[in-house]
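**Student:** What follows is a structure written as structure tokens; I'll ask about it next.
Computed from the coordinates by the stated procedures, all read-outs in this text should not be read as laboratory data. This structure is a prediction, so every number in the text was calculated from the model and none was measured. Ideal geometry is used to build each Cβ from the backbone, glycine not excepted, and the neighbour counts take in all protein chains shown.
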Amino acid sequence: MGFDMTKLVPLDHAFYGIIPGAGSTLVGKVALPVTFGTRDNYRTESIIFEVALFETSYHAILGRPALAKFMAITNHTYLLLKMPAPNGVLSIRGDIQTSHSCETENINTAEAMERSNNQALVAQAAKALTMDQLQKPSNDSGSQLHPDSQTKAIILSDNHPDKTVLIRADLDSA
């Protein structure tokens, strides 16, 4: 069954919260029928999906409006979704191994995207630098740090007199 792009209603706002640190402009929204259950006991409702173009381990995410429409109750600990249907309660169970794999894939995708974005920003910033800015300063330029005259060295341990810390000269060492 293919997706009919003519049913897609354009949107112009951003979508956040699926991939950590990343957002996406929505392509549009579409109402699609969603069915849960078996041939003997099923439930179908029309759900509005917001369509975004980004890589994730999820194909669709049902939010609170969809769960409310189905009058569904979720239990995340047991990966269980229950809802009323014409011939009794429907119980849809998730698989913990599949869930863990999807979450791991989602985290890896987010981290890869973050690294890629950071690398692009560094490359862009490097292109804007002049040759003078790219030169490493020499050590004889006097840029090394020296203790201020208003500081004093305190020995951290009698067993290691070479390990010291600088504190303000007017502070007590005790």
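**Student:** How far is it, in nm, from the label point at residue 105 to the one at residue 128 when both lie 7 Å from their Cα along the line to the Cβ?
**Tutor:** 3.7
**Student:** If I model a spin label as a point 7 Å beyond the Cα along the Cα-Cβ vector, how far apart are those points for residue 91 and residue 44 in nm?
**Tutor:** Taking the simple label geometry, residue 91 and residue 44 are separated by 2.6 nm.
**Student:** Next question, about the same structure. Gain in length, residue 98 to residue 26, computed as 0.36 nm per residue apart minus the alpha-carbon separation, to one decimal in nm?
**Tutor:** Gain on stretching residue 98 to residue 26: 23.2 nm.
**Student:** Counting only other residues whose beta carbon sits under 14 Å from that of residue 89, what net charge do I get with K and R as +1, D and E as -1?
**Tutor:** Net local charge, residue 89 excluded: +2.
**Student:** If R₀ is 35 angstrom, what is the calculated FRET efficiency for the pair residue 13 and residue 163, using the beta carbon separation as r and rounding to 0.05?
**Tutor:** 0.05
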